[in-house]
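*Asks:* Sharing a structure with you now.
The values are calculated or read from the model by the stated rules, or taken from the named source; none is laboratory data. Worth saying up front: this structure is predicted, and the values here are computed from it rather than measured. Cβ placement follows ideal geometry from the backbone for every residue including glycine, while neighbour counts extend to all protein chains displayed. All accessible areas refer to the heavy atoms of the entire protein, side chains included, with ligands and DNA or RNA removed. Shrake-Rupley method; radii C 1.70, N 1.55, O 1.52, S 1.80 Å.
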Amino acid sequence: MNPFLILGLAIGAEVAATLALKAADGLTRPGPTLIVAVGYGTALWLMSTSMDMLPIGVVYAIWSGVGMIGAAIGGAWLYGEAVSPTMLVGIAVIAVGVTILAAGQGQH
């Protein structure tokens, strides 16, 4: 299976868990708390699986960057959190950096 697909699924699970964490209200709401636990568990398992095929630095950089972008967009969409033009520039810079890392993954 494609390691980038596995990593993408891991990131999706992590972003879902992070967004549910806010809704879990200090882990006092059972439904969102279950999403947090299953999401983070799934995310870590998939991330570790992708590390069997990709370098740790590449996995972690993509995980961090894309996860942050997903959390920022999800927070704005689900919770009405502000996204300023400066934040959008930062998100774009991170997206470019992640793309460069992914493109250079096979080069030594």
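*Asks:* From the list Ile73, Ile94, pick out the single residue that is at pLDDT below 90, surrounded by 12 or more Cβ atoms within 10 Å (Cβ to Cβ) and under 23 Å from Lys22 (Cβ atoms). Walk me through how you get there before you give the answer.
*Replies:* Details: Ile73 fails: at pLDDT below 90.
Result: Ile94 is the single residue among Ile73, Ile94 that is at pLDDT below 90, surrounded by 12 or more Cβ atoms within 10 Å (Cβ to Cβ) and under 23 Å from Lys22 (Cβ atoms).
*Asks:* On to the next question. Quick one: would you say Ala16 is assigned to a helix (DSSP H, G or I), at pLDDT 90 or above, in contact with a Gly (Cβ under 7 Å, 6 or more places away or on another chain) and open to solvent by 40 Å² or more (accessible area, probe 1.4 Å)?
*Replies:* Values: assigned to a helix (DSSP H, G or I): yes; at pLDDT 90 or above: yes; in contact with a Gly (Cβ under 7 Å, 6 or more places away or on another chain): yes; open to solvent by 40 Å² or more (accessible area, probe 1.4 Å): yes.
Considered against the rule, which asks whether it is assigned to a helix (DSSP H, G or I), at pLDDT 90 or above, in contact with a Gly (Cβ under 7 Å, 6 or more places away or on another chain) and open to solvent by 40 Å² or more (accessible area, probe 1.4 Å), Ala16 comes out as yes.
*Asks:* Ok, one more. If I filter the range 27-49 for residues that are modelled with pLDDT under 95 and closer than 24 Å to Ile91 by Cβ, do I get at least one hit?
*Replies:* no
*Asks:* Another question about this same structure. Filtering the range 76-91 down to residues that are closer than 21 Å to Gly12 by Cβ and assigned to a helix (DSSP H, G or I), which residue is most open to solvent (accessible area, probe 1.4 Å)? Write out each step before concluding.
*Replies:* The first filter runs over the range 76-91 and keeps only residues closer than 21 Å to Gly12 by Cβ, leaving 76-79, 81, 83, 91.
Restricting the remaining residues to those that are assigned to a helix (DSSP H, G or I) gives 76-79, 91.
On the way: Ala76: 33, Trp77: 202, Leu78: 92, Tyr79: 83, Ile91: 26 Å².
Only one residue tops the list, namely Trp77.
*Asks:* For the range 44-54, enumerate the residues that are open to solvent by 60 Å² or more (accessible area, probe 1.4 Å) and either out of contact with any helix residue (DSSP H, G or I) (no Cβ under 9 Å at 6 or more places or on another chain) or in a loop (DSSP other than H, G, I, E, B) (or both).
*Replies:* Those that are open to solvent by 60 Å² or more (accessible area, probe 1.4 Å) and either out of contact with any helix residue (DSSP H, G or I) (no Cβ under 9 Å at 6 or more places or on another chain) or in a loop (DSSP other than H, G, I, E, B) (or both): Met51, Asp52, Met53.
*Asks:* So the check is Cβ under 7 Å with 6+ separation or different chains; which pairs have a first residue in the range 25-40 that's farther than 22 Å from Gly67 by Cβ and a second one that's surrounded by 14 or more Cβ atoms within 10 Å (Cβ to Cβ)?
*Replies:* If the second residue must be surrounded by 14 or more Cβ atoms within 10 Å (Cβ to Cβ), the pairs left are Arg29/Ala23.
*Asks:* May I ask you to verify whether Ala10 is surrounded by 21 or more Cβ atoms within 10 Å (Cβ to Cβ), on the phi < 0 side of the Ramachandran plot and within 13 Å of the chain's Cα centre (by Cα)?
*Replies:* On the way: surrounded by 21 or more Cβ atoms within 10 Å (Cβ to Cβ): yes; on the phi < 0 side of the Ramachandran plot: yes; within 13 Å of the chain's Cα centre (by Cα): yes.
Criteria met by Ala10.
*Asks:* Now, a different point. Do any residues in the range 62-89 that are over 19 Å from Ala102 (Cβ atoms) have Cβ atoms under 7 Å from those of residues that are in a loop (DSSP other than H, G, I, E, B) and charged (D, E, K, R), where the two are at least six apart or on different chains, and which pairs are they?
*Replies:* Note: pairs meeting the criteria are Gly75/Glu81.
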